Amino acid sequence: MTATPGLMARLGDLFHRYANPGRFLRLSARLQPWLTWPAIIVTAIGLGWGLFVAPADWQQGDSVRIMYVHVPCAWLASSGYFALALCSLLSLVWRHTLADLAAAEIGPVGACVTGICLATGSLWGKPMWGTWWVWDARLTSVLVLFFLYLGHIALIRAFDDQQRGYRAAAILALAGAVDLPIIKFSVQWWNTLHQPASITLSKAPTMSHEMLWPLLICTIGFNLGFVAIIIARLRAAVMENRIRLLLSAPAARGSSSGSVTDRSKDQGEQVA
């Protein structure tokens with residue numbers, strides 16, 4: 001019983017140490033170039049290889065090349081929401097400002113990635129299935145994920161009190177995390193049009209290595225780009241938050257001094 005509170009306290013101390021806004025700005029300033037430029041280079045190599053060098057599929061033809069954008073975005077949509085839910089948990093447990101800001105900045109980027117995933121999936125589905133959209137278990141669960149991202153964005157901005165918005169959005173994010181295993185196992189739990197995963201940890205890939213390598217490179221590039229964008233947005237949010245606090249400090253001091261002056265006047269009138 002005593003070990004758990006001690007572990008939680010140590011985790012809290014570790015989190016507060018590395019989530020300090022000033023320390024985050026210093027570390028992220030050094031890290032940002034090492035994420036941004038590799039993301040651009042790796043993504044360009046992967047897309048160039050996949051779109052122009054890798055062979056076409058013997059069944060799907062050149063339409064399979066949509067995979068080099070669709071699959072990395074699909075993986076990022078789920079992993080981005082997992083990061084969003086994790087930041088929401090840290091916010092609710094330790095009430096740290098940086099966790100709130102990180103969740104707020106992950107939301108729009110995750111929504112964009114999920115939207116690209118849905119759009120490219122629709123483009124891929126038309127020549128393969130003969131229709132732009134079907135209410136398939138995988139497609140529907142990813143659409144729900146897209147709406148969860150949008151709901152998180154809307155809830156943060158729905159309250160005049162920003163902290164109430166953060167709390168409500170964090171609760172939604174944690175409740176919506178139940179959609180992640182549904183997305184993952186939907187092709188196994190239900191009879192769906194969507195194909196099963198071609199890459200798993202337990203089995204050998206079911207696609208050609210000539211197509212697998214550019215896909216993995218694209219995935220690495222997209223992930224680096226996702227993290228780079230989040231860090232850039234989070235740095236801007238931290239600095240904006242600092243500026244807001246600096247601008248509000250003189251007004252707060254002015255109002256407090258004004259109230260003290262008013263009280264002294266009232267006391268003087270009472271004495272007179």
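The values are calculated or read from the model by the stated rules, or taken from the named source; none is laboratory data. For clarity, every value in this text was computed on a predicted model and none was experimentally measured. Note that we place each Cβ from the backbone using ideal geometry, even for glycine, and neighbour counts take in every protein chain shown. In case anyone asks, the SASA skips ligands and DNA or RNA and just uses the protein heavy atoms, side chains included. Shrake-Rupley method; radii C 1.70, N 1.55, O 1.52, S 1.80 Å.
Within segment 21-35, residues that are more than 12 Å from residue 98 (Cβ to Cβ) reach partners that are aliphatic (A, V, I, L, M) and open to solvent by less than 30 Å² (accessible area, probe 1.4 Å) with beta carbons closer than 7 Å, at six or more positions or on different chains, in the pairs 31/231; 32/228; 32/231; 35/228; 35/231.
Evaluated against (1) at pLDDT 85 or above; (2) surrounded by fewer than 10 Cβ atoms within 10 Å (Cβ to Cβ), residue 232 falls short on exactly one condition, (2). Is it the case that some residue within segment 50-61 is part of a helix (DSSP H, G or I), more than 17 Å from residue 210 (Cα to Cα), at pLDDT 90 or above and not aliphatic (A, V, I, L, M)? Within segment 50-61, not a single residue is part of a helix (DSSP H, G or I), more than 17 Å from residue 210 (Cα to Cα), at pLDDT 90 or above and not aliphatic (A, V, I, L, M). For segment 68-83, state whether one or more residues are more than 15 Å from residue 115 (Cα to Cα), outside any helix (DSSP H, G or I), open to solvent by 10 Å² or more (accessible area, probe 1.4 Å) and of a type in the set (A, V, I, L, M). No: segment 68-83 contains no residue that is more than 15 Å from residue 115 (Cα to Cα), outside any helix (DSSP H, G or I), open to solvent by 10 Å² or more (accessible area, probe 1.4 Å) and of a type in the set (A, V, I, L, M). Do we find that residue 187 is open to solvent by less than 80 Å² (accessible area, probe 1.4 Å) and under 17 Å from residue 85 (Cα atoms) in this structure? When the stated conditions are applied, residue 187 does not pass them.
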